[in-house]
Each structure stands twice: as structure tokens, then as C-alpha cells.
Amino acid sequence: MAESAERKPTATAKRRFLEPFRGEALDVPPIWLMRQAGRYLPEYRATRADAGDFLTLCYTPKLAAEVTLQPIRRYGFDAAILFSDILVVPDALGQTVRFVEGEGPRLDPIRAVGDLGQLDPAKTATKFGLVSETVARLRQDLPAETALIGFCGAPWTVATYMVQGQGSADQAEARLWAYRDPDGFEKLIDVLVETSIDYLDQQVKAGADCLQIFDTWAGSLPDDEFDRWVVSPTRTIREAIRDLHPDVPVIGFPRGAGAAAVWYVSETGVNGIGCDTATPPFVMSEAFDDEDVVVQGNLDPLLLVAGGSHLDERVDEILDLMRGKRFIFNLGHGIVPQTPPENVARLVERVRSKG
Ligand code: 1CP
């Protein structure tokens, strides 16, 4: 422990990615992209084929570290994001989770308090241990100047998959449970809050420099529900991590939160706010001015597929808009599989040359 406490200040000083969190507005903003490791890269598809099953890839430190490094080798992003998935948490807790080729995740759904017995936080040690091993390997293998982002899904978003049993357009099952039996639903959220704190703590101890909480379905809840199921659990996680690791920044990504994003920032105390594709430019550049927060976002992932001069123009617009701000360049949601890898190279070059 003493060794890592000594190592940290000097090593992390090289990581430009962390500068905005230290109060610096950089001329060339740091850049990384959500889902930067993934199916758009031929080398990912090859490693994925070697692993066979998607969860096997997530739980094999050597392979998970390899796919995390692939986009760093190609593009030299300022940050790597641990290769894993938000559904590792329900899987580690004991829920049955499968990834069906071409269809996405399938879980044996949890629909009521009576189903919660199958979730056991004590069971998570082995699988979380494998993820931590990946993080530790990465910290060894990454260039010293590359930051490492750990992550988890926000309790609300993870719960939507656990209750629905798969991805859905409206997250109806979780929303209905939350309306019909809020105290019961809260028990599920509480398990996820505690487990996520433990999971993130382990990732930081293994070497993560920064954490992101993905709340992909934050936008499906109206105000009071948003407060109870999105803001409140995120605040609890954020406060616990601050107590354990005061120097590790936490980025929140409450996708679809709209005007509530400012409130989310002030109420949760996150250090970074991931803006989604629909966030208007003036919101990115002005709405968070009174908050002590780094803004991240928000290029449309489909513009990265389209490429060409339209891509260049939008990149320039975002850079101009955020000049002088504490800003991290990213997409407004994850890279999609049909993205031409050369468009990603074009984007990175543009950001670095125009900054
Ligand atoms: O077969 C494959 O290769 C599966 C594709 C894939 C990949 C590459 C899945 C299945 N997950 C991942 C990796 C992943 N997922 C990362 C890795 C790090 C990175 O490079 O960014 C991260 C951070 C996630 C997070 C994640 N998983 C989210 C939150 C962010 C987001 O994109 O909204 C969500 C909602 C998931 C669930 C999930 N995992 C995979 C799929 C296809 C889905 C979405 C399912 C659905 O809603 O239908």
C-alpha cells in the first residue's frame, strides 16, 4: 500500500486526461470514446472469436486487457476504459446472464422482492477479482501518460436489465415495479449501490485513475422518480468513493437527463458530466458554468460513421464551443459497430490539430 501511495502522484502527473479535473482548461482537450474497444475493430473481432463467449472475454484478464489496449495502440487516446460490461455486476451477484449472438443480453428476470434472495454480494469476490486483475495488468501495460477509466452501470440502468431480462425501449418492467412497490424496488437498488461501491473501490485499488458511472436509461424517469432512482443512488456511490479515494474523479453519464443534468451534477457531486448526443451546444458550454465539473461529450456516433466534411465541421464546432472550458472530447453515446476505423483516426487527428 505504501508503495502505491508513493507511486501515484508522480505517475498520474503525466496523464493529461486528469488535468481538467485538477482545474486546467487545456488547449487540446483530452479525448477518448465510449465503447472505443469493440466490434468496429477487426482486432477486437479476432480476440472476441478466440474468447468465444462475451462474458468469458470479460473474465479473462489477459484477453480483456488486450482488447482494452487495442484502441490505445491504434489511436493513442488519452484514456483507456477497462473492457468489461455493466452486466458483470448482476452476473457476479448470481443472476443468470447470457449474451446471445446478434441479440444482446438475456437475464432470468427479477420481478419482485421474493426474487432478491438469489442475489448474494458475498458471491462477487471471484468475478470482481478477475476484473481487478485485468485493471492491474492494464496499469502495467499502458503507457504512463494514458489514464485508466474504471466503470460500472448506475444502479437504475443495471436494474432495468435485471428486471426486464433484456434491453428494452421503455424499461417498462422496472418502472412499473418502482411505481407499484417502491420500497421493494429500493431493496434491489440498495444491493446494487453497495455492490457497485465495492466493485469501484476494487477497481481503484487495482489501478483505475478515474471512474465513470453509466446511466444509459436515466432519461426514462420523470422528476421524483429521477431523484429517487438516479440521483440518490449515484450520490451515495459518489460520496462513498470520495471517502475511500478522495483524488479519484467520478464522471456521471445520465443519458437523456435533459434539463435535469445540471441538477444531477449539483446533487450527486460528480466531477465530470457526460453529455449525450441530444444535449444542445449552449447547454454544454454554459449550463454547467456554476458547477465545479468537467464537461465531456458529445459528438453523434452516427456522424463518426458518416465521416467526411460534415464530421470535420461538427468537430470544429464542438472544439470552438468548449474552448477555455474544462472539457474532454467524447461521443454522446457509444461507438457503433459499423464505424469505419479510419474515421476514428480522422477524428483524433482533427481534435489534436485544431485544439
Ligand atoms: O459481442 C460483443 O462483442 C458484444 C458487444 C458489447 C461490447 C463491446 C457489449 C454487449 N458490451 C461491450 C463492452 C462494453 N459495454 C464496455 C467496454 C468498454 C468500452 O470500450 O467502452 C462498456 C463501458 C459497456 C457498457 C454498457 N453495456 C452499457 C452502458 C453504456 C451504453 O452503451 O449505453 C450498457 C447499456 C451495456 C449493456 C450491453 N452490453 C452489450 C450490449 C449489446 C448492451 C446493450 C443491450 C441493450 O440495451 O439492448
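Can you send over the carbon and sulfur percentage of the accessible area for the chain, probe radius 1.4 Å, protein chains only?
Working: 7120 of 14460 Å².
Taking all protein chains in place, the chain shows 49 percent carbon and sulfur surface.
How far, in nm, would the chain grow between Ala306 and Glu239 when pulled straight, counting 0.36 nm per residue and subtracting the alpha carbon separation?
Working: separation 67, 0.36 × 67 = 24.12 nm, distance 4.04 nm.
That pair, Ala306 and Glu239, stretches by 20.1 nm at full extension.
Here's the picture: a label point sits 7 Å out from the Cα of Ala112 along the beta-carbon direction, and within segment 172-204 the residues with their amide nitrogen under 17 Å of it are 173-188.
Accessible area per residue for segment 153-224, computed on protein heavy atoms with a 1.4 Å probe, is 34 Å². Electrostatic tally near Asp198: other residues with Cβ closer than 14 Å to its Cβ, Lys and Arg +1, Asp and Glu -1, net -2. Phi-derived couplings, Karplus 6.51 cos²θ - 1.76 cosθ + 1.60 at θ = phi - 60°, listed residue by residue for segment 310-326: 4, 4, 4, 4, 5, 4, 4, 4, 5, 4, 4, 4, 9, 4, x, 9, 7 Hz, with x used for Gly and Pro. Distant-in-sequence amide contacts of Asp247, defined by a placed amide H-H separation under 5 Å and a gap of 5 or more residues or a different chain, comprise nothing. Using θ = phi - 60° in the Karplus curve 6.51 cos²θ - 1.76 cosθ + 1.60, the 3J(HN,Hα) couplings for segment 181-198 round to 8, x, 5, x, 4, 4, 5, 5, 4, 4, 4, 5, 4, 5, 5, 5, 4, 4 Hz; x is entered for Gly and Pro.
Amide H to amide H, with H built 1.01 Å from N, Asn298 comes under 5 Å of Asn330, counting only residues 5 or more places away or on other chains.
Rounded is the label for the chain. Its Cα gyration tensor axes, ordered a ≥ b ≥ c, give a/c under 1.5.
Of all lysines in the structure, the ones whose alpha carbon falls short of 30 Å from that of Lys354, not counting any fewer than 8 places away in one chain, are Lys14, Lys325.
Using the Karplus relation 6.51 cos²θ - 1.76 cosθ + 1.60 with θ = phi - 60°, the per-residue 3J(HN,Hα) values for segment 161-176 come to 6, 5, 8, 6, x, 5, x, 8, 6, 10, 6, 4, 5, 5, 5, 5 Hz, with x marking Gly and Pro. Would you please state which residues of segment 247-268 a label at Val336 would reach in this model, taking the label point 7 Å out along Cα→Cβ and a backbone N cut-off of under 19 Å? Residues 255-256 fall inside that zone. Between the alpha-carbon centres of segment 35-103 and segment 231-266 there is a gap of 25 Å.
Charged neighbours of Phe99, selected by a Cβ distance under 11 Å, balance to -2 (K, R count +1; D, E count -1).
Within 10 Å, count the other beta carbons around each residue, average over each peptide in 90-102, 268-280, and list them highest first. Let's see the in-between values first.
Values: 90-102: 16.4, 268-280: 20.9.
Peptide ranking by packing, descending: 268-280, 90-102.
Tell me the label-point distance for the pair Leu321, Val100, using the 7 Å Cα-to-Cβ offset, in nm and rounded to one decimal. With each label point 7 Å from Cα toward Cβ, the separation is 3.8 nm. Taking every DSSP bridge with both residues inside segment 3-353, close to 15 percent are antiparallel. The mean sequence separation of alpha-carbon pairs under 8 Å and at least six residues apart, normalised by the residue count of the chain, gives a relative contact order of 21 percent.
The values are calculated or read from the model by the stated rules, or taken from the named source; none is laboratory data. This structure is a prediction, so every number in the text was calculated from the model and none was measured. Positions of Cβ are backbone-derived with ideal geometry, glycine not excepted, and every protein chain shown enters the neighbour counts. For accessibility, only protein heavy atoms count, side chains too; no ligands or nucleic acids. Shrake-Rupley method; radii C 1.70, N 1.55, O 1.52, S 1.80 Å.
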